[in-house]
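Asker: Quick one: the structure is below, questions incoming.
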Amino acid sequence: VPAMLATPTAMAARMFSAAATGSGGKCPFGHGLGAAAAKPDAAAVQDVQATFEALKKAGAAGLKHGLDVTAIDADGRNLIHWCGVDGEAELLRALAANADKEQLAKALAQGDILALTPLHIAAAFGSTEVVKVLVHELGVSVNDRAGQPAVTPIFQAAQYDRAPVIQALLEAGADVTGPPTDSEAELRVPDNQKGLTPMHVAGLFGSTNAILALIEAGAAGDAAAGD
């Protein structure tokens with residue numbers, strides 16, 4: 001292992017070891033960087049994916065002004081989330097142009113059942129163009145924290161080895177340091193995850209391309225967690 005990657009890799013080994021002995025063999029991040037949350041109220045669930053697929057086929061011409069972009073499916077995802085899942089940047093633009101502005105603002109900040117926002121989902125799925133639309137055109141902050149534990153979108157990109165997304169987030173001012181150490185967010189970060197950076201997460205999940213992208217951006221490859 002190159003010296004510059006030794007500390008994140010060692011951290012990964014320690015975390016896997018702790019997980020195997022102290023949490024039933026599960027990765028300490030639970031489901032990736034999120035932990036299971038309560039399902040949405042059944043009465044509030046709609047077939048958002050079906051609506052999304054229909055809109056993809058119909059294109060912008062099929063959009064109705066005022067379409068409810070806050071409606072969620074059984075996984076708590078709205079139409080904006082689904083644009084991130086499927087890489088639909090143009091559909092996202094059309095949805096944003098036709099949506100009620102208050103509803104759009106709410107949809108952009110909505111968390112799914114893992115408390116992940118549309119930007120976090122787009123980062124996880126490697127939807128670079130959607131990330132750019134969300135950040136540069138719709139004003140979503142690259143440093144907003146979401147999920148369980150609360151992390152920024154670059155952590156999702158690091159976990160899933162999305163180097164182009166990492167580059168886009170860094171160009172938009174993404175922070176490469178760890179979770180916050182104050183306020184409510186501190187309470188949502190388990191002890192064995194405090195101080196982790198995107199570099200540590202990339203090492204933990206073996207995300208080679210993400211590691212290289214972070215190094216090229218000047219992220220420290222030899223920083224210990226908590227530094």
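The values are calculated or read from the model by the stated rules, or taken from the named source; none is laboratory data. Treat the numbers as computed from the prediction; the structure is a model and nothing was measured. With ideal geometry, Cβ positions are generated from the backbone for all residues, glycine too; neighbour counts draw on all protein chains shown.
Asker: So V142 ticks every box in (1) in the same structural domain as N209 (by TED's automatic domain parsing); (2) of a type in the set (A, V, I, L, M); (3) part of a helix (DSSP H, G or I) but one. Which box is left unticked?
Answerer: Every listed condition holds for V142 apart from (3).
Asker: Given the options D68, D47, name the one that is among the acidic types (D, E), within 24 Å of G139 (Cβ to Cβ) and either touching a residue at least 24 places away in the same chain (Cβ under 8 Å) or not assigned by TED's automatic domain parsing to the domain that holds L108 (or both).
Answerer: D68
Asker: When you check L91 against the structure, is it assigned by TED's automatic domain parsing to the domain that holds V69 and in contact with a helix residue (DSSP H, G or I) (Cβ under 6 Å, 6 or more places away or on another chain), yes or no?
Answerer: So L91 passes the test.
Asker: Quick check: anything in the stretch 214-221 outside any helix (DSSP H, G or I) and at pLDDT below 55?
Answerer: Among the residues of the stretch 214-221, at least one is outside any helix (DSSP H, G or I) and at pLDDT below 55, which makes the answer yes.
Asker: Working only within the stretch 156-171, note down all residues that are assigned to a loop (DSSP other than H, G, I, E, B) and closer than 13 Å to H120 by Cα.
Answerer: Y160, R162
Asker: For the stretch 124-149, which positions are under 14 Å from the mean Cα position of the chain (by Cα) and surrounded by fewer than 20 Cβ atoms within 10 Å (Cβ to Cβ)?
Answerer: Correct list: G126, K132, S141, N143, D144.
Asker: Just a yes or no: is a residue in the stretch 71-88 surrounded by fewer than 19 Cβ atoms within 10 Å (Cβ to Cβ), in contact with a strand residue (DSSP E or B) (Cβ under 8 Å, 6 or more places away or on another chain) and at pLDDT 65 or above?
Answerer: Scanning the stretch 71-88 turns up at least one residue that is surrounded by fewer than 19 Cβ atoms within 10 Å (Cβ to Cβ), in contact with a strand residue (DSSP E or B) (Cβ under 8 Å, 6 or more places away or on another chain) and at pLDDT 65 or above.
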